[in-house]
Amino acid sequence: MKIIVLVKQVPDTETNIKVGDKSINEAGIKWIISPYDEFAIEEGLRLREKHGGEVIAISLGPDRVQESLRQAYAMGADRAVQIKVDNYVPFDTVLAAELIANFAKSENADIIIGGRQSIDSDSSQVVVQVAEALGIPHVAFAVSLEISGTNVKSTKEVEGGTQVVETSLPVAITAQKGLNEPRYPNLKGLMAAKKKPIESKSPADLGNPASKIEIVGLEPPPPRIPGRKLEAADAKGYAEQLVKALREEAKVI
Amino acid sequence: MSNVLIVGELKDGELKKISREITSAGRKIADALGGKVTAVLVGSGVDKFAGDLAAVGADSIVTVNAGDFNAETWASLIAAVIKEKNPSVVLLPHTSQGKDYSPRVAVKVGAGIIADVVGLSVDGGKVVAKKPIYSGKAYGNFKVTSPIAMFTVRPNSQEVVQKAGAGAVETASPAAGDAKVKIVSSDLSGGNKVQLTEASIIVSGGRGIKGPENWPILQGLADVLGAALGASRAAVDAGWIAHSHQVGQTGKTVSPNCYIACGISGAIQHLAGMGSSKYIVAINKDGDAPIFKVATYGVVGDLFEVVPALTDEFKKVLG
């Protein structure tokens, strides 16, 4: 079974973001694997442990993404591939999906699995776009996944609850929290990962798709409405003040 | 001619608020570009919503008969309508369903897409979409350069504006093809009465609620306000409530008008999911909790006293 896991490198949530003209200032940023992609890596490893085959971790970006690919190696990935793009228009999901789909096609992948969204853009687009580009089914927001032969059974989160769905390989899956508990790489794995090769692909190797997005600019978030702590003698006093503030000042209730 | 097409959404046979929000947003864009607004509704018996969408600016409503939601089928149907109508701008809801089918639609029609948009404006004949990025620590402005520009729009981010359109109903019956994913069963008992990501008010609880037996205290307030019930990761990881209620980095991103955080300290991962709420109320015993840094109104107090008092007070004024 050939399993491709999508590994997106994103700034750690606790990192300060300094906004530049069309990109962020990368100085001092701590980069991590987007948390939902960790569920995807873990699921890929479990599928391989059960069914055999190989797990290929793939990441799109400049050379710093190799650090995330080494982490995927340390967790247990068999191969790591960097799609080397230095001046990628951020959040052009269709472009990313076309590159990844062309890679998946060349590998004849059975499963493509990624996080349900990345925490830098919250787009929830790429994995499903890859499925469409390959003409294969997808299951979004998977919280369980069972594969037997070419049969795929999955529970997915939907509005208001869950659904059990069935389809067949090849398939694309987006991982939701609850799918599994990602493992930590151990020291031995981390040491070994340092020496493993990272394959490099250029956009030209993968059909050179054109960008469909133009970045106009970045800006800091809008200022928050200044806050204040209320003062009251008791719970009733707080309640009266809050109701008044929310109804007469904020006018939201 | 620069026409706008919006895709509406239903829930339990009712038109969702996001449908009106994006129709209003679509009207504004169409007026700036000199085009028409077509609203598409997929489902059964959806003709009856034509008037609702016309009232917020839809010039025509294309209805497509279909059974229960299936992302693959709906993507095919919607893409077929887009290909026929050839709009230059398409707005879709950034909802659970929207995230499931919109990526397929974009690829099918060869469009670039910007997802989770909170602001839409027009500059030089092109839509500029604003979206929060890096957990709301920056905002990005983007244009789509393909002939069809697609945007998924975050619920609660657009104002509903009454503006009459013609609202003519047209029925389309494109072929959907066979779905490769079969829905075996559905369990819709676990969720909120009010959908978390689309709620205009959220009452949310964290570690400070002390145990699952205390949710009724927050649910009582939520019921009075017609609010959804949210939770922090701490409360979910403790097993006090299902993950579907979680707000934050590994939970849902929400943008309500009012977010009432009860017993939530405000870890940065939580703020990442709710920081764009318009008004934030924090009720917490610890006056140094980081949640107070983002709170519009802070109450340093015991939620077990303040929340019931608040419920009573709202009952009184809301009757």
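The values are calculated or read from the model by the stated rules, or taken from the named source; none is laboratory data. Since we're looking at a predicted model, the values are computed, not measured. Neighbour counts run over all protein chains shown; Cβ positions are idealised from the backbone, glycine included. Heads up: the accessible areas ignore ligands, DNA and RNA and are worked out on the full protein's heavy atoms, side chains in. Shrake-Rupley method; radii C 1.70, N 1.55, O 1.52, S 1.80 Å.
Going by the conditions given, is B:LEU120 touching a residue at least 24 places away in the same chain (Cβ under 8 Å) and closer than 23 Å to B:GLY275 by Cα?
yes
Each row is one residue, and each column tells you yes or no for (1) open to solvent by less than 40 Å² (accessible area, probe 1.4 Å); (2) more than 11 Å from chain B (Cβ to nearest Cβ); (3) hydrophobic (A, V, I, L, M, F, W, C); (4) over 24 Å from B:PHE142 (Cα atoms).
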{"residue": "A:ALA193", "(1), (2), (3), (4)": "yes, yes, yes, yes"}
{"residue": "A:LYS196", "(1), (2), (3), (4)": "no, yes, no, yes"}
{"residue": "A:LEU206", "(1), (2), (3), (4)": "yes, yes, yes, yes"}
{"residue": "A:ALA210", "(1), (2), (3), (4)": "no, no, yes, no"}
{"residue": "A:ILE215", "(1), (2), (3), (4)": "yes, no, yes, no"}
{"residue": "A:ILE225", "(1), (2), (3), (4)": "no, no, yes, yes"}
remark   = Condition set open to solvent by 50 Å² or more (accessible area, probe 1.4 Å) and charged (D, E, K, R), scope segment A:92-109, selection nearest to A:LEU134 (Cα to Cα): answer is A:LYS105
query = Under 8 Å by Cβ, and 6 or more places apart or on different chains, what pairs join a residue from segment B:176-202 that is touching a residue at least 60 places away in the same chain (Cβ under 8 Å) and within 9 Å of another protein chain (Cβ to nearest Cβ) with one that is open to solvent by 50 Å² or more (accessible area, probe 1.4 Å) and in a loop (DSSP other than H, G, I, E, B)?
reply = B:ILE183/B:ASP68
inquiry  = Quick check on B:ILE291: is it within 19 Å of B:ALA231 (Cβ to Cβ) and under 25 Å from the mean Cα position of the chain (by Cα)?
reply    = yes
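Residue under question is B:GLY239, and the condition is that it be over 25 Å from the mean Cα position of the chain (by Cα), in a loop (DSSP other than H, G, I, E, B) and more than 9 Å from chain A (Cβ to nearest Cβ); does it hold?
Values: over 25 Å from the mean Cα position of the chain (by Cα): yes; in a loop (DSSP other than H, G, I, E, B): yes; more than 9 Å from chain A (Cβ to nearest Cβ): yes.
Against the criterion (over 25 Å from the mean Cα position of the chain (by Cα), in a loop (DSSP other than H, G, I, E, B) and more than 9 Å from chain A (Cβ to nearest Cβ)), B:GLY239 qualifies.
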Scope segment A:202-233; condition in a loop (DSSP other than H, G, I, E, B), in contact with a Gly (Cβ under 9 Å, 6 or more places away or on another chain) and not polar (S, T, N, Q); matching residues = A:LYS212, A:PRO221, A:ARG224, A:GLY227, A:LEU230, A:GLU231, A:ALA232
inquiry  = So the check is Cβ under 7 Å with 6+ separation or different chains; which pairs have a first residue in segment B:147-167 that's in the same structural domain as B:LEU92 (by the TED database) and among the basic types (Lys, Arg) and a second one that's open to solvent by less than 50 Å² (accessible area, probe 1.4 Å) and in a loop (DSSP other than H, G, I, E, B)?
reply    = B:ARG154/B:HIS94; B:ARG154/B:VAL118; B:ARG154/B:SER255; B:LYS163/B:VAL56; B:LYS163/B:GLY57
Whichever residue in segment B:230-250 is modelled with pLDDT of 95 or more and not hydrophobic (A, V, I, L, M, F, W, C) and, among such residues, is farthest from B:PRO93 (Cα to Cα) = B:GLY239
query = So which residues in segment B:115-141 are more than 7 Å from chain A (Cβ to nearest Cβ), part of a strand (DSSP E or B) and of a type in the set (A, V, I, L, M, F, W, C), if there are any at all?
reply = B:VAL117, B:LEU120, B:VAL122, B:VAL127, B:ALA129
inquiry  = I need a count of the residues in segment A:143-172 that are among the aliphatic types (A, V, I, L, M) and farther than 21 Å from A:GLY52 by Cα.
reply    = 4
inquiry  = Name the single residue that is modelled with the lowest pLDDT among those in segment B:66-104 being within 11 Å of chain A (Cβ to nearest Cβ) and more than 28 Å from B:ALA138 (Cα to Cα).
reply    = B:ASP68
key: Tally, over segment B:271-311, of residues that are open to solvent by 10 Å² or more (accessible area, probe 1.4 Å), free of Cβ contacts under 8 Å to residues at least 40 places away in the same chain, out of contact with any helix residue (DSSP H, G or I) (no Cβ under 7 Å at 6 or more places or on another chain) and part of a helix (DSSP H, G or I)   = 2
ask   = Of (1) among the hydrophobic types (A, V, I, L, M, F, W, C); (2) touching a strand residue (DSSP E or B) at 6+ places or on another chain (Cβ under 6 Å); (3) in a strand (DSSP E or B), A:LEU179 satisfies all except one. Which?
value = (3)
query = Among the listed residues A:GLY53, A:GLY28, A:GLY44, which satisfies the condition of being open to solvent by less than 10 Å² (accessible area, probe 1.4 Å) and either without any contact (Cβ under 8 Å) to a residue 60 or more places away in the chain or under 19 Å from A:VAL139 (Cα atoms) (or both)?
reply = A:GLY44
